[in-house]
Amino acid sequence: MSTTVGAVGTVAGSVPGLAGSTASELVGSAVPALVGPPTPALVGSVSATDALAWIAIGAFVIALALDWRGTPDPARYVGAAAWILFGVFWLTMVPYYYYDARSPLQTVLSILALPLCVYTGYLLFRGRDSLLLLSKAVAIMGIIYLPAETIPFVRRWLIETTAVQAHWGMELFGHSPGINEGANGYQSRFDFDPDETVTGRTTYIVMACTGLGSMAIFGGLIAAVRAPLRRKLAGVALAVGIIWFLNLVRNVFIGIASPYGWFQQEPLVYVVTTYMGEPAARTSFIVAHNFIAQTLSIVALIAITYLVIRVVPEVLVVLEEALYVLTGSEYELEAAFAPSPEPRADGGEK
């Protein structure tokens, strides 16, 4: 799971989907790098990282249940512990983002997540009960995302469905490589002929390519607040629809750019080989995925947030809490986003 720390200000880099690692890359049919965090297995296919995520989300849920039962002090204490566990979870993701995903943005954000989460827990422990709403949003994000991340048949369906959709998108641009088995054991690898491409490389879809992480963020934000159900459903539909479309565009873009060497220009090759230690043939993938897609993902998440606020302005309360954690200042965002009063015919305001 790479998602949910966005609730405390690092959403764009931590969340799979729009901001996560989009497609793992291969050389022909060579054995690829790991597609997930390099953590030891605990039970079956559940890794230590996944187990820690479940424990943290479970602690959030317990805190919310205690608050619902009218016991705010225990709720705050359990919630504070949940935030610390959540921060430790993101810290365990640093080796994966640094060594495997090769993403400076996600690496830095995962490192920053620990102090941010610990500070959030401290504020909650000290009596800022309003942070329980932010905790609720994070809990719902995890409940949406974690089952898909850890239940094999759900994970397979999401990955393979995303691969089929991306292949359909490639066909619109005249490319039909076919799909075969990727290193993750799923039918998710785009079967470009290495002899007919520029770099001889191809990509395969992983969980982070599905966009579910970004969808979970907005699902959690919207579900956590009190608002009419009709507007909440409209907000979810808006966010999910836009994320699905942009995610499809991104997967198609990276899936074609990597094998056909769209970014094999010498200055870019120099940066990737000299400063990132990657082979020259991997330049187009790195540039398309790590530089272009992740940067645009931040812009997209901000834009989607703005659109969601127009439909469900109640989510501003959650964002105000996140901003307080980041800056230590109180904010009244509703005034900034409230529509301007319409002028009257006599020059006044309605």
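The values are calculated or read from the model by the stated rules, or taken from the named source; none is laboratory data. Just so we're clear, the structure is a prediction, and the values are computed from it rather than from any experiment. Please note: Cβ atoms are built from the backbone with ideal geometry, for glycine as well, and neighbour counts cover all protein chains shown.
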**Q.** Out of 156, 201, sole residue that is of a type outside the set (A, V, I, L, M) and farther than 30 Å from residue 265 by Cα
**A.** 156
Q: Please enumerate the residues belonging to segment 46-64 that are closer than 13 Å to residue 90 by Cβ and of a type in the set (Gly, Ala, Ser).
A: 53, 56
Q: Go through segment 136-220 and tell me which strands (runs of 3 or more DSSP E), entirely inside it, have 1 or more residues that are of a type in the set (A, V, I, L, M) and surrounded by 16 or more Cβ atoms within 10 Å (Cβ to Cβ).
A: 179-181, 201-205
Q | Number of positions in segment 250-294 that are modelled with pLDDT of 95 or more and part of a loop (DSSP other than H, G, I, E, B) | A | 5
